[in-house]
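Nothing in this text is a laboratory measurement; each read-out follows from the coordinates by a stated rule. Computed from a predicted structure; not experimentally measured. As a convention, Cβ positions derive from the backbone with ideal geometry for all residues, glycine included, and neighbour counts pool all protein chains shown.
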Amino acid sequence: MSVLPADPHLPVAHLRPPRNWINDPNGLAFHDGHYHVCFQHNPYGPEHANMHWGHFRSTDLLTWEELPVALAPTPGGEDADGCYSGNAVSDGERMVAFYSAFRTDRWAQPVTTAESLDGGRTWTPRGSLLIPDLPQGVSMYRDPYVWREGGRWRMLVGSALADGRAAALLYESSDLEQWHYQGPFLDRTPQTLAPGADTGLGWECPQYLHGPDGRGALIVSAWDPELGPRRTVAYSGREREGRFLADAPVLLDHGPDFYAPALLPAPDGRWLLWGWSWEARDQQWVNAAGWAGLLTLPREVTLGEDGSVRQQPARELLSLRDGRALTASGETSSAAQLGTVDPSFDLTARLELHAPATSGGLRLVTSADGSEYLDIRIDPTTGELVVDREHASLDPRAHGGTYRIPCPEAKTASGAAIELRLVVDRSVAELYLPSGRTLTLRFYPTGGSPWRLEAHAAGGGHIGYTVAAWNLRPYTVRREEEASAQSALT
């Protein structure tokens, strides 16, 4: 039996500092042989306040070094009340961060920059706004995203327009200093995507995945002026003359606890993506734990032949499997015990629901008496995979809910057969389907390890299953204080 750490919900294979608040991934760039991942961070507590940029870097996406805080508010400066979200680019020997300068005495979050000449260890803010004059008719303005394309620099800024449209605004530059406004890259009025989810009145954190064949995908985070952050939306399409000709929008992730993803173009041609997974527990619990939020696993993002945006875990993460797979296969008409796993594991499964069963799937049981569990089941009547956390925690401060991910292969006349990959890391579950669809949610088991895997069938039919599960090794993270201590010894 594994020994849980003092806080059994603190992940071991998801990036976050050991304490305090984290939200949006920022400043993703590959520079000087390192992947750089920054993030919104409050160094002083587990609540959204005092926004700085925390900073990790890695050469392989598995071993990480925590660098000093990259960006901090400047007293009396343009970012006096927070260094909010943005991105970073590698430009020769320097890195340049573009971010939202937050002050409580103005409604907009205009763009400013900071520069590093030592691989991201120290940063020098510019001390002034990069784009001081905002376009007319804008009622929200934040979160720059900069990239190089065709010998020019381009920038998107998330916004809302006074006429009710959300928009990603386009700028262009030849030198990263003088920026020329080109107009809205894409703008849309709110459109419903699923129960409780629409495309938003405003867009935060715009990201643009552009391919060599002219196709692309615009990823935006839907924001509501009353409800705040909502869900993340992807538009596939093509650019023409500075405008993005978009297909119908879709949810980028079908779970309740995923927001503000950011892209990183890797040197091998892949597009990598990290998102923010917020807490799904009451603030009282968060305060007691002393930490809040995490970054998702790095995901490879591709465009399908049909234009769909597809995600899967970065291939490097296979190295986190401990090599001792739990395997199980068979068939059951009720419940079958498959074996036990640690609180951090990586699982692949093929499930076949034979008619006339009405539902069936996997259950992760986290309490000895079986009363606490996370259910993942096929609904063949709707063609969806259902993730149910109504019984996932015996603590009443944890959120419940049932969430669905489209899975057309689950809806057939003779039964249903699906494949999936599930990565669980103590308090976060990330579900991936071969279609490239994903679902991310948080849950907070109260039982100790090991946890039990079970297959379940209901409705009088049978479910066939083939499952393989590996316990996860933790990331190797070298903290700044550890590096300082080692330097002092040598």
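Note the full-extension length gain between ASP163 and GLU47 as 0.36 nm times their separation in residues minus their Cα-Cα distance, in nm to one decimal. Don't skip to the answer; put the middle values down first.
Numbers: separation 116, 0.36 × 116 = 41.76 nm, distance 3.29 nm.
Roughly 38.5 nm would be gained on extension.
Could you please state, rounded to a whole Å, how far the C-alpha centre of region 393-460 is from the C-alpha centre of region 120-163?
Cα centroid of region 393-460 versus Cα centroid of region 120-163: 38 Å apart.
Farthest toward the dipole's positive end in the chain, which of GLY255, SER173, VAL146, given Cβ charges of +1 (Lys, Arg) and -1 (Asp, Glu) about the Cα centre?
GLY255
Just want the answer: with Cβ charges of +1 for Lys and Arg and -1 for Asp and Glu, which residue in MET51, MET155, GLN283 is farthest toward the dipole's positive end in region 20-318?
Value: MET155.
Sum -39500 (n - 2.57) across every DSSP H segment of at least 4 residues in the chain, then divide by the residue count to get the 222 nm mean residue ellipticity, nearest 500. Don't skip to the end; give the middle numbers.
Values: 2 runs with 17 residues, N = 490.
Here the helix-only value at 222 nm equals -1000 deg cm²/dmol.
Below 8 Å between Cα atoms, with a sequence gap of 6+, how large is the relative contact order for the chain in percent? Walk me through the intermediate numbers first.
Values: 1375 pairs, mean separation 70.6, N = 490.
Relative contact order for the chain comes out at 14 percent.
Highest first, please rank the peptides 106-116, 272-282 by the mean number of other Cβ atoms sitting within 10 Å of their residues. Kindly include the intermediate steps, with their values, before the conclusion.
Values: 106-116: 20.1, 272-282: 22.9.
With the highest mean Cβ count within 10 Å placed first, the list reads 272-282, 106-116.
Can you tell me which of 142-150, 368-376 comes out highest on packing, and rank the rest after it, using the mean Cβ neighbours within 10 Å? Intermediate results must be reported in sequence, preceding the final value.
Working: 142-150: 19.9, 368-376: 17.0.
Averaged packing, sorted descending, gives the order 142-150, 368-376.
Please give the charge dipole size of region 1-154, origin at the Cα centre, charges +1 on K and R Cβ atoms and -1 on D and E Cβ atoms. Round to the nearest 20 debye. Mind showing how you got there, number by number?
Numbers: 12 positive and 18 negative charges, 37 e Å.
The dipole magnitude comes to about 180 debye.
Taking 7 Å along the Cα-to-C-beta vector as the label spot, tell me the ALA6-GLN337 distance in nanometres, rounded to one decimal.
Modelled inter-label distance: 3.5 nm.
State whether region 243-343 is rounded, prolate or oblate according to the following rule on the C-alpha gyration tensor (a ≥ b ≥ c being the square roots of its eigenvalues): a/c under 1.5 gives rounded; otherwise a/b larger than b/c gives prolate, and the remaining case gives oblate.
Values: a/c = 1.69, a/b = 1.23, b/c = 1.37.
Oblate.
Ranking ASP322, ASP24 by Cβ neighbours within 10 Å, fewest first, what do you get? The partial results should precede the final answer.
Numbers: ASP322 13, ASP24 27.
Ordered from fewest to most neighbouring Cβ atoms within 10 Å, ASP322, ASP24 come out as ASP322, ASP24.
So between ALA368 and ARG270, what do we pick up on full extension, going 0.36 nm a residue minus the alpha carbon distance? Each step should come with its number before you reach the end.
Working: separation 98, 0.36 × 98 = 35.28 nm, distance 4.28 nm.
Taking ALA368 through ARG270 to full extension adds about 31.0 nm, to one decimal.
Counting other beta carbons within 10 Å of each Cβ, put HIS41, HIS14, HIS34 in order, fewest first.
Numbers: HIS41 26, HIS14 23, HIS34 19.
Listed from fewest to most nearby Cβ atoms, that is HIS34, HIS14, HIS41.
Calculated FRET efficiency, GLU226 and GLU177, Cβ-Cβ r, R0 35 Å, to nearest 0.05? Don't jump to the answer; show the numbers that get you there.
Details: r = 37 Å, r/R0 = 1.07.
The value I calculate is 0.40.
Using label points projected 7 Å from each Cα along Cα→Cβ, tell me how many nm separate ASP32 and LEU394, to one decimal.
Calculated label separation equals 5.1 nm.
Pop the C-beta distance of LEU245 and SER329 into the FRET formula with R0 = 56 Å and round what comes out to the nearest 0.05. Mind showing how you got there, number by number?
Numbers: r = 47 Å, r/R0 = 0.84.
FRET efficiency, LEU245 to SER329: 0.75.
Helix 480-489 sits at what angle to the longest principal axis of the chain, using alpha carbons and giving 0 to 90 degrees rounded to 10?
Roughly 80 degrees between the two axes.
Among ALA335, LEU394, PRO450, whose Cα lies farthest out toward the positive end of the dipole of region 322-471, if unit charges sit on the beta carbon of Lys, Arg (+1) and Asp, Glu (-1)?
LEU394
What is the magnitude of the charge dipole of the chain about its Cα centre, with +1 placed on the Cβ of each Lys and Arg, -1 on the Cβ of each Asp and Glu, and no other charges, expressed in debye to the nearest 20?
I would put it at about 460 debye.
Work out, step by step, the length gained on full extension between ASP60 and THR446: first 0.36 nm times the residue separation, then minus their alpha carbon distance; give nm to one decimal.
Details: separation 386, 0.36 × 386 = 138.96 nm, distance 3.35 nm.
Length difference between fully extended and current span is 135.6 nm.
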